[in-house]
1. In the stretch 121-154, which residues are at pLDDT below 90 and either aliphatic (A, V, I, L, M) or in contact with a strand residue (DSSP E or B) (Cβ under 7 Å, 6 or more places away or on another chain) (or both)?
2. How many of the residues in the stretch 46-67 are touching a Phe, Trp or Tyr at 6+ places or on another chain (Cβ under 9 Å) and over 28 Å from residue 119 (Cβ atoms)?
3. Is it the case, given these coordinates, that residue 146 is part of a loop (DSSP other than H, G, I, E, B) and more than 26 Å from residue 189 (Cβ to Cβ)?
4. Can you confirm whether the stretch 161-183 contains a residue that is at pLDDT below 95, farther than 23 Å from residue 22 by Cβ and either of a type outside the set (Val, Ile, Thr) or surrounded by fewer than 22 Cβ atoms within 10 Å (Cβ to Cβ) (or both)?
5. Restricting the stretch 20-34 to residues that are surrounded by 21 or more Cβ atoms within 10 Å (Cβ to Cβ) and not polar (S, T, N, Q), which is farthest from residue 97 (Cα to Cα)?
6. What number of residues within the stretch 169-194 satisfy the criterion of being among the small types (Gly, Ala, Ser) and under 12 Å from the mean Cα position of the chain (by Cα)?
7. Does residue 97 satisfy the condition of being more than 24 Å from residue 192 (Cα to Cα), surrounded by 16 or more Cβ atoms within 10 Å (Cβ to Cβ) and of a type in the set (Val, Ile, Thr)?
8. Keeping to the stretch 104-120, report how many residues are within 17 Å of residue 24 (Cα to Cα), modelled with pLDDT under 95 and either in contact with a strand residue (DSSP E or B) (Cβ under 9 Å, 6 or more places away or on another chain) or not small (Gly, Ala, Ser) (or both).
Amino acid sequence: MGKPEPVKNVPTKRAEDVPRVLAVYGSPRSGGNTDTLLDYFLDGCRQAACGVEKAVLRELDILPCSSCNRCGQTGRCVIDDDMTQYYDALVGYERIVFAFPVFFMGPPAVAKAFIDRGQALWVRRFVLKGMTVSDGRKGFLLSTGGFRSPDHRSGERIFSCNISITKAFMSACGVRYSGELLYPGIEGADDVRKSSGIIRDAIKAGREWIGPEGHSNLK
């Protein structure tokens with residue numbers, strides 16, 4: 001099944017009424033299953049009308065947290081790299097969706113570096129009490145993994161670290177973790193693109209996440 005055509009006749013909204021989405025591509029591989037899953041999810045988001053900013057982590061220069069603790073006084077990271085441009089979006093955008101696969105039971109390095117640099121936001125919110133948290137900000141996780149348990153359960157166990165880490169990160173950003181799509185047994189390079197069921201669920205989840213009902217927890 002090919003990628004859908006661009007959506008036409010999207011409902012017209014004033015710019016100030018359109019939710020802003022930060023879409024974080026956290027896979028080190030371009031065009032793989034996780035990227036594809038996020039692309040379809042964003043197709044659904046756009047059907048409900050939104051503005052999307054993409055953070056493609058593999059294309060960015062983001063150093064890992066050095067644990068220098070200098071953010072402890074200011075709530076701001078002193079490392080000057082590509083992470084700096086995303087702090088405002090992480091604390092201000094109405095929607096944040098994070099997509100990354102499972103590598104050795106956790107996020108790949110490019111995603112974990114981005115997450116760990118959220119320490120400055122954690123300090124700002126929970127230590128310095130200097131972050132205003134707006135109601136209605138929501139986060140979503142998309143993740144794929146190759147492992148499938150022998151009894152063909154849905155495989156949540158392999159995603160447990162990704163879920164916990166993402167929830168902690170979104171809490172630091174002042175975002176409510178509001179749903180996830182998790183797909184185990186994704187081995188082939190085009191498994192997501194070949195599955196009409198996954199495509200349908202991803203588009204539906206993105207549309208509902210932006211829309212007024214907006215709480216999706218499809219698995």
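The values are calculated or read from the model by the stated rules, or taken from the named source; none is laboratory data. This one's a predicted model, so the numbers in the text were calculated from it and none came from an experiment. Here the Cβ positions follow ideal geometry from the backbone for every residue, glycine too, while neighbour counts run over all protein chains shown.
1. Within the stretch 121-154, 131, 133 qualify.
2. Going through the stretch 46-67 one residue at a time, the tally reaches 1.
3. no
4. no
5. Across the stretch 20-34, the extreme among qualifying residues is 26.
6. 2
7. no
8. Of the residues in the stretch 104-120, 0 are within 17 Å of residue 24 (Cα to Cα), modelled with pLDDT under 95 and either in contact with a strand residue (DSSP E or B) (Cβ under 9 Å, 6 or more places away or on another chain) or not small (Gly, Ala, Ser) (or both).
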